[in-house]
1. With the condition kept exactly as written, say whether any residue in the range 35-52 is in contact (Cβ under 8 Å) with a residue 60 or more places away in the chain, in contact with an Asp or Glu (Cβ under 8 Å, 6 or more places away or on another chain) and either open to solvent by 80 Å² or more (accessible area, probe 1.4 Å) or among the hydrophobic types (A, V, I, L, M, F, W, C) (or both).
2. Looking only at residues that are within 12 Å of the chain's Cα centre (by Cα) and of a type in the set (A, V, I, L, M) in the range 68-83, which one is nearest to ligand 1 (Cβ to nearest atom)?
3. Of everything in the range 23-51, what is closer than 19 Å to K65 by Cβ and among the hydroxyl-bearing types (S, T, Y)? Give them in sequence order.
4. Among the residues of the range 1-39, which ones are in contact with a strand residue (DSSP E or B) (Cβ under 9 Å, 6 or more places away or on another chain), more than 8 Å from ligand 1 (Cβ to nearest atom), of a type in the set (D, E, K, R) and assigned to a loop (DSSP other than H, G, I, E, B)?
5. Given the criterion free of Cβ contacts under 8 Å to residues at least 60 places away in the same chain, within 15 Å of the chain's Cα centre (by Cα) and exposed (fewer than 12 other Cβ atoms within 10 Å of the Cβ), identify the matching residue among S30, S117.
6. Does Q70 qualify as being touching a Pro at 6+ places or on another chain (Cβ under 6 Å) and farther than 21 Å from N9 by Cβ?
7. Restricting the search to the range 83-114, which residues are more than 16 Å from ligand 2 (Cβ to nearest atom), of a type in the set (A, V, I, L, M) and within 24 Å of M1 (Cα to Cα)?
8. Please go through the range 84-104 and give me each residue that is more than 7 Å from ligand 1 (Cβ to nearest atom) and either open to solvent by 30 Å² or more (accessible area, probe 1.4 Å) or of a type outside the set (V, I, T) (or both), ordered by number.
Amino acid sequence: MCIFCKIINNEIPSKKVYEDEDVLAILDISQANKGHTLVMPKKHYENILDIDNNIYLKVMEVAKKVALKQKQALNCEGINLLNNCGEVAGQSVMHFHVHLIPRNKEDEIKFQFKDNSNKFDLDEVLKMVKL
Ligand code: 5GP
Ligand code: ZN
């Protein structure tokens, strides 16, 4: 059983921010910033590719509730809402979860993307990924 399933089953303690029938939100043990919260489905799905649509929407609804509460209670200036899908993307717990990381001007957290657009033909890329 994965570590988040053990948390959901109360086999491992956690600091619960929100709980309902389908969704659990807990404080991340590593607190990238004050209030860093993880929102996850109670049923085990690995990632965004295999999660049930309805459950996904429920998780995102709770993520929004958590964001509103963080803004009000912590008076943060911004929030990063983040999901890592796959080990190569930084996923370390293979149970779908969304990070909500409150942000402030002086917090020194960096998510930096380099502009690589000169390496790709955007029309070709669009042809490949257009739904
Ligand atoms: P990922 O790297 O998969 O996107 O995020 C996993 C997150 O789970 C990490 O930020 C890590 O700190 C957190 N985490 C790992 N184990 C535990 C745990 O036992 N309890 C809590 N609350 N968070 C955990
Ligand atoms: Zn799990």
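1. Yes: one or more hits.
2. If we take residues in the range 68-83 being within 12 Å of the chain's Cα centre (by Cα) and of a type in the set (A, V, I, L, M), then L82 is nearest to ligand 1 (Cβ to nearest atom).
3. Passing the criteria: only T37.
4. D22, K34 - these are the residues of the range 1-39 that are in contact with a strand residue (DSSP E or B) (Cβ under 9 Å, 6 or more places away or on another chain), more than 8 Å from ligand 1 (Cβ to nearest atom), of a type in the set (D, E, K, R) and assigned to a loop (DSSP other than H, G, I, E, B).
5. Among S30, S117, only S30 is free of Cβ contacts under 8 Å to residues at least 60 places away in the same chain, within 15 Å of the chain's Cα centre (by Cα) and exposed (fewer than 12 other Cβ atoms within 10 Å of the Cβ).
6. Spelling it out, Q70 is indeed touching a Pro at 6+ places or on another chain (Cβ under 6 Å) and farther than 21 Å from N9 by Cβ.
7. V88, A89
8. C85, G86, E87, V88, A89, M94, H95, F96, L100, P102, R103, N104
The values are calculated or read from the model by the stated rules, or taken from the named source; none is laboratory data. Computed from a predicted model, the values in this text were never measured in an experiment. As a convention, Cβ positions derive from the backbone with ideal geometry for all residues, glycine included, and neighbour counts pool all protein chains shown. When the accessible area is computed, the model is the full protein with side chains, heavy atoms only, and any ligands, DNA or RNA have been set aside. Shrake-Rupley method; radii C 1.70, N 1.55, O 1.52, S 1.80 Å.
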